[in-house]
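Only the coordinates and a few stated rules stand behind these numbers; no lab work does. Keep in mind the model is a prediction, meaning the values are calculated, not measured. Every residue, glycine as well, gets a Cβ built from its backbone with ideal geometry; the counts of neighbours run over all protein chains shown.
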Amino acid sequence: MNDIVTPSVSVTPEARQLPWRSHRARQIRAVMRLELRKSFLGRRSYGKIALALSPVIIALIRLFHPNLAADQIEEATGFFSILFQVYALRLALVLTCLAIFGDMIRREVLDRTLHYYFLAPIRREVLVVAKYLTGVLVSVPLFGVSTLAAFTVAYLPHEGVQAFLFNGPGLGHLGSYLLVTVLACIGYGSVFLLFGSFFRSPAIPALAVMGWESIHFLLPPLLKKFSVIHYLQSLCPVPMSEGPFAILSDAPSPWLSIPGLLLLSGAFVAISAWRIRGMEVSYEEE
Amino acid sequence: MSAVISDRQIVYENVSKFYGEVLGVNRVTLSVPPGITGLVGPNGSGKTTLMNLTAGLLHPTRGSISVLGATPEHPEEMFRLVGYATQYDAFPPGLTGFQFIESFLRVHGYGRVEAEELAWKAIERVNLVDAAGRKVAGYSKGMRQRIKLAQAIAHRPSVLILDEPLNGLDPMARAEVIALFRELAAGGLHVLVSSHILHEVDLISDQVVLIHGGYVVAEGDIGGVRDEMEEQHPAQVLIRCDQPSLLASRVFLHDHVVEARVHDDGKGLLVRTRDADQFYLLLNQVVVDTGLVVETVMPTDADVNAVYEYLIGANGGK
């Protein structure tokens, strides 16, 4: 057989000419495009959209409350801070991020389609990063719009909205809430991507995380530091009372919170990538 | 093995795969040259495990595999060389046949124009142009098999791995797909095909690998494998001729002929011999010496089916 001509390696001239960074950027864009097409543009996305927009629905329902004091804009500020910090951040965003990021690897295993990616000439680390970026690309606008819409609806019926927004702290509040939303998507997204890479059912560890986050106000200051909500809450413009049993601690500075959260997210994505790099495709065990 | 040869072959060196305590494959040492190689064995024998190991979907517990010199540790190199149509009948949701192929070509790193061009070429090769715009979810089993094949060949790999690729295809489509395999193999590709339909493997394979219970029990071209078994399983040859009794009396004098039995209809002789080459020379001599009129000479157990039956058993060794 030695006389048989060696088959040529079928790398296209175009692919060969691209510097590796451009080539990987192109592959990341291709994975993101494919992920958006198959996971976020069909029926599978309806539940996530509904959950993400649920804070807007709650804000709308409040409009019909008989005791709504339209002349007291502070009421809207208090309502929105509770809506955002208790419901949107701790429940709606966490569950939606779980559905988006926790499913990115797990769903492929259940659908028996992960091998298509694993058989492509793309480094698995690049694949994980591309999937994570897709999740961020989906969740950030989704919750950005949700936060913006809920904020608008919460303040809409009140007198003096214009002054609150443009001559008062209104726009600053909105900016802070949007920043927290972005950071929450990045942070929780990386956590749930990690769970989806390690666990058959990422929902179980995710529930544990939700439990941990919900009792964070009871935790001693040292343990609070291991809670995502601790950093996010400190960036919220309106502090929220956590009740008589809350253990108080110093809020971390934004200069620590933001880079800390980003670094931690990067570490979680890196661990997911390491995990996927060594992963075998054996759907029969599932 | 020299680097030059290993760069032209799929090389398995003492490869074992265990799933916990369950054996997948054990101590596989093989070199697969270009051409069509049929991977044959009963269900659960380790065919799919060996294919998944080859494509890097599984990692060997022991040993190593290189595909034309590339390994799965370097996916950017390896998966340009390899196309794999797995047995999994599953597709990314919501995509049309064309989108399915084009999307993964983009993941390979091809630009839009090039990816679309390659996708259409692959779709044309499997004769699915009319269905390319329809969702894969609505395809028949045969169409799904063909679109998988198109996806595996779209990036023009040098090694094509196909797990039961003929399943679900109607006779016309089978003939087309087999012709495509031959065309690809003639172009210098390594085509590794698993099938449990032995006559199809026999029809398309240049060489076979018989696997049973996780062990490779035979490998090589069918003739070579059959020759090696002649001592234990003498070759059977049926000769249709006008004087079978005369032929029987002449051939039976030779040591390598184990049995010579006149056919029930009196117009043929079934010979079992431990040296088929010697027997054919002998037959020529008898024809020259006696003027015997021979109608046909047909080996009856030189195909993969017989080899499989001798080595593994008619019921897959069960």
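In region B:156-258, which GluC sites (Glu not before Pro) are in a loop and have at most 11 other Cβ atoms within 10 Å, using DSSP for the loop call?
Loop-located and lightly packed - B:E231.
Just the Cα atoms of the protein assembly as shown: what Rg and Dmax do they give in Å?
33.2, 123
What does the charge dipole of the protein assembly as shown about its Cα centre add up to, to the nearest 20 debye, if the Cβ of each Lys and Arg holds +1 and the Cβ of each Asp and Glu holds -1?
Using only the charged Cβ atoms, the result is roughly 2300 debye.
Within region B:257-291, which residues have the backbone N less than 13 Å from the label spot 7 Å out from B:S249 along Cα→beta-carbon, could you tell me?
Correct set: B:290.
Order of B:H233, B:H212 from fewest to most other C-beta atoms within 10 Å?
B:H233, B:H212
Based only on other Cβ atoms within 10 Å, what is the fewest-to-most ordering of B:F279, B:F252?
Lowest to highest Cβ neighbour count: B:F252, B:F279.
Under the rule of -39500 (n - 2.57) per DSSP H run of 4 or more residues, summed and divided by the residues of chain A, what mean residue ellipticity at 222 nm is obtained, to the nearest 500 deg cm²/dmol?
Counting only the DSSP helices, I get -21000 deg cm²/dmol.
In terms of the Cα gyration tensor, with a ≥ b ≥ c the square roots of its eigenvalues, is region A:96-245 rounded because a/c is under 1.5, prolate because a/b exceeds b/c, or oblate?
Oblate, since a/c reaches 1.5 and b/c is not below a/b.
Could you tell me whether region B:193-241 comes out rounded, prolate or oblate from its Cα gyration tensor? Rule is a ≥ b ≥ c as square roots of the eigenvalues, rounded for a/c under 1.5, then prolate if a/b exceeds b/c, otherwise oblate.
Oblate is the answer for region B:193-241, as a/c is 1.5 or above yet b/c matches or exceeds a/b.
Which FRET efficiency, nearest 0.05, do B:R274 and B:E21 yield, Cβ-Cβ r, R0 51 Å?
The formula returns an efficiency of 0.80 here.
Can you compute the label reach from A:R33? Point 7 Å from Cα along the Cβ direction, backbone N cut-off under 17 Å, restricted to region B:106-150.
B:106-121
Shape verdict for region A:71-167, please, from the Cα gyration tensor: rounded (a/c under 1.5), prolate (a/b greater than b/c) or oblate.
Prolate.
Report the calculated FRET efficiency for B:L281 and B:Q232 (r = Cβ-Cβ distance, R0 = 25 Å), to the nearest 0.05.
E between B:L281 and B:Q232, to the nearest 0.05, is 0.65.
Can you sort A:C97, A:C185, B:C241 from fewest to most other Cβ atoms within 10 Å of each residue's own Cβ?
Lowest to highest Cβ neighbour count: B:C241, A:C185, A:C97.
Find which of A:P157, A:V128, A:V138 sits farthest along the positive direction of the dipole of chain A, computed with +1 on the beta-carbon of Lys and Arg, -1 on that of Asp and Glu, about the Cα centre.
Most positive-ward Cα: A:V128.
Exposed loop chymotrypsin sites (Phe, Trp or Tyr not before Pro) only (DSSP loop, at most 11 other Cβ atoms within 10 Å): please give the longest stretch of chain A free of them, not including the sites.
By the stated rule (loop sites, at most 11 other Cβ atoms within 10 Å), A:65-225.
Need the C-alpha centroid separation for region B:239-308 versus region B:50-65, integer Å.
45
What's the FRET efficiency of A:E242 with B:R62 using the Cβ-Cβ distance as r and R₀ = 56 Å, to the nearest 0.05?
In this case the efficiency is close to 0.50.
Return the distance in nm (one decimal) between the two label points of a simple spin-label model at A:L148 and A:I82, each offset 7 Å from Cα along Cα→Cβ.
Those two pseudo-labels are separated by 2.7 nm.
Specify the residue with the greatest mean-square fluctuation among B:L282, B:L23, B:L184, computed from a Gaussian network of chain B linking alpha-carbon atoms under 10 Å apart.
B:L282
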